[in-house]
Structures are given as C-alpha cells and as structure tokens.
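Just so it is clear, none of the values below were taken in a lab; they were calculated from the coordinates. Note that this is a predicted model, so its numbers are computed, not measured. Heads up, the Cβs are rebuilt from the backbone with ideal geometry, glycines too, and the neighbour counts pull from every protein chain shown.
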Amino acid sequence: MLLSSCNQPEKIKVPEEKDMAAYLLVYFKDSDHSLHMALSNDGYSFTDVNNGNPIISGDTIAEQKGIRDPHIMRGPNNMFYMAMTDLHIYAKREGLRKTEWERPKSEFDWGNNRGIVLMKSLDLIHWTHTVVNINETFEGYDSVGCVWAPQTIWDKRVNKPMIYYTMRFNTGINQLYYSYVNADFTKIETAPKLLFQYPKDSISYIDGDITEVNGNFHLFYVAHDGSAGIKQAVSNSINKGYKYDPKWYDFEKVSCEAPNVWKRIGENKWVLMYDVYGLHPANFGFCETSDFKTFTNIGRFNEGVMKATNFEIPKHGAVIQLTKIEAEKLKKYWATHF
C-alpha cells in the first residue's frame, strides 16, 4: 500500500447506492497490529485482498508501531477517510517497547495511549497519514489515559468530518467523546466533548458507531455493565440528545465489542456486526434489521451465511459500500503488485 499525497480533484461524481456493487471490510489482527482489507460482491462472503496479510504495516504509520480499531468512511467529496487507534498492546513482547505500556499502568491503566492515526485516500491505494495526539493538541489533557476506537461521520450541518472516540482520564471510566477534524484530515480542531452519558456513573462505555437513517442517528456502543455487550442510543442530532435504551442488541453469551452498522445494497436491511472477543479464537458476529428495533441473528463468520474465505481471527472491523470499478481496481492492484 502506497503512502503518499492525494489531492482532491476540482469536480468528481459521488456514487449513489444504485451505483454500488461491492463491500469493503477493513480490520486488524492482534497478531500483527496492522491494517487488513477484504472484499465482498454479495455482502455475505468476504475475501481478503492480500490473502490475510496486512496491506499497511502498523509500524510504518503509528508512533506505538501498531494500529487497532480501523474505521473507514466515504465523504461527500468521494474521499475515503480512515481513523485508527495508535496502540500496540504487545509492544514489549515484540521488542518495540521496554515497558508493558506507554506509561505506567498504575497511573493510566491498561492499554494506555494518546494517539489516533488519520488517513485519507481517493482510490483506497494511495494514502496520506497523520498521527494526532490529544495531549499535544489541547492544553489540559496530559492526564488522558486512552484514546481508542476513533470513527468518523460527516456532519452535513458544518460540512466537515466529526470524529468520535473512547477516552478516559488516568484510570477513570471510559466514555464516548467527539471532536471535529479539519478539511485536510490532519488535525483535530475542537477539544473533546462528551457525546453520550451512560446513566450509571461507574460504568465504562466504549466503541461508538453512528449511523444516520431517516433523520435519526443510531449510536451503537459497548457497555461494560455486568458483561460487555452492544447497546443502542438514538437521537435526532448527530452529537447530542442520545436517549439511553437498556436493551442488549447482540446475540452473544460471551463478551463482544466494536459494533459497526452497514447497509445491504438495494435492500431495506442493515447489518450490525460486532467483534466477539470472548470467544477463543475471536470471531465476528452478525445480525440484521430493517427498523433498528427488531434484529435477527445471522451467526458468525463461517458458522452460518457469513463467510471469511481466506482469513481468520479478524478484530474490530468496519464495512462500506464500493462501486464495481472501485472494487475491481483494488482487487487487481493487490493481485498484480504483491
């Protein structure tokens, strides 16, 4: 995968859903802390473009020499935006760090980090990348204990990407925050603000995923409330007013995280995908809905209708729609270059 400059053309046609013919899954693996991509023509069977090997190595783009939690979005300018956690949880074991964590666990808890990797591309092949550290961007954030699982959504009111993420201070509870990013997708412009307040003050809640449907914003997230599972909050505003719903929306008896919602092309049907990390080995779970109230379980990868043909143990993924030309170009590039 090439890391280079990518300038936005003056005029470009943004494809609509009727133009879409494929799906792109981005994910990472614990074994390499790097970026992976898989394609699907039908939204059921996914094939990794590089036979299960990374397309971008985490040590080439992240200060901690590893990335986690990749999320991808297509903007209204037809640019692809990707955000990832700058974190390697096995850096000491891999000889990348002398300590278990970047800072002492007693002060900043498990997996502490301060960085987000921002990437941008026109063609899914040539990418720019920037590391943004919250503590270096805004005064008063030296005590940030983590900045995890960043995702982006385009705020049409202000015509710019809104990034939202999990953050905590020192060893406190993890909560969901949001900020706005500049047009070049290289800098966080606004200080973190709370996106949603869980009703129990002592409960950590992480891994937000926002989908707009018919004027409502559906926020799926992970509540560590007894066990770790998926809940939903809904608002008519992109960054406020989310109403708590006590219902669990996953179908797992073990812990899961990393919800991601994506639409089936040409159907009134959305897929809620999540990382079932309580399994050994871990897997992705899937359910479907047409109204965001009633969900149908469709199982896990390679245990039902959903298939992972040439890769295993994916972690924290996200899916977007592609045109046939975009998918074929990406597939051809990886078939002929590596």
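Some points to look at:
- Listed by chain and number, the lysines placed with their C-alpha closer than 23 angstrom to that of K92 are K29, K65, K105, K315; residues fewer than eight positions away on the same chain are left out.
- Net charge of neighbours whose Cβ lies under 12 Å from the Cβ of P150, counting Lys and Arg as +1 and Asp and Glu as -1: -3
- Stretching S227 away from N302 to a fully extended chain increases their span by 24.5 nm, per 0.36 nm per residue minus the current alpha-carbon distance.
- Rule-of-thumb Rg ratio for region 29-111 [Cα; 2.2 N^0.38 Å; N residues]: 1.31
- Neighbour cut-off at most 15 other Cβ (10 Å), DSSP loop, chymotrypsin sites (Phe, Trp or Tyr not before Pro), region 31-111: Y44, Y90, W110
- Extent along principal axes [Cα atoms of region 166-206; Å; largest to smallest]: 37, 20, 14
- Other residues lying with their Cβ under 12 Å from the Cβ of P281 contribute a combined charge of 0, Lys and Arg counting +1, Asp and Glu -1.
- The Cβ shell under 15 Å around N135 holds other residues with a net charge of -3, Lys and Arg each +1, Asp and Glu each -1.
- Counted residue by residue at 0.36 nm each, then reduced by the alpha carbon distance between them, the extension gain from V234 to S31 reaches 69.6 nm.
- Lysines with Cα under 19 Å of K193, excluding same-chain neighbours fewer than 8 positions away: K156, K160, K240, K243
- Range in the chain, longest, excluding exposed trypsin sites (Lys or Arg not before Pro) [loop by DSSP; at most 14 other beta-carbon atoms within 10 Å]: 14-91
- Length gained on full extension, S106 to H126: 3.2 nm, using 0.36 nm per residue less the C-alpha separation.
- Comparing V213, V131, V144 in a Gaussian network model of the chain, where Cα atoms under 10 Å apart are tied by springs, the biggest mean-square fluctuation is seen for V213.
- Legend: calculated FRET efficiency, A335 to D155, from the Cβ-Cβ distance at R0 = 45 Å, rounded to 0.05, equals 0.75.
- The average projected area of the chain, computed from the convex hull of its Cα atoms over all directions, is 16.3 nm².
- A simple spin-label model places pseudo-atoms 7 Å from Cα toward Cβ; at Y90 and S143 they are separated by 3.4 nm.
- For region 235-338, GluC sites (Glu not before Pro) meeting the loop criterion (DSSP other than H, G, I, E, B) and having at most 16 other Cβ atoms within 10 Å: E267, E303, E312.
- Cα gyration tensor, region 161-274 - rounded (a/c under 1.5), prolate or oblate: oblate
- Pairwise Cα distances in region 201-338 exceed 28 Å for 23 percent of all pairs.
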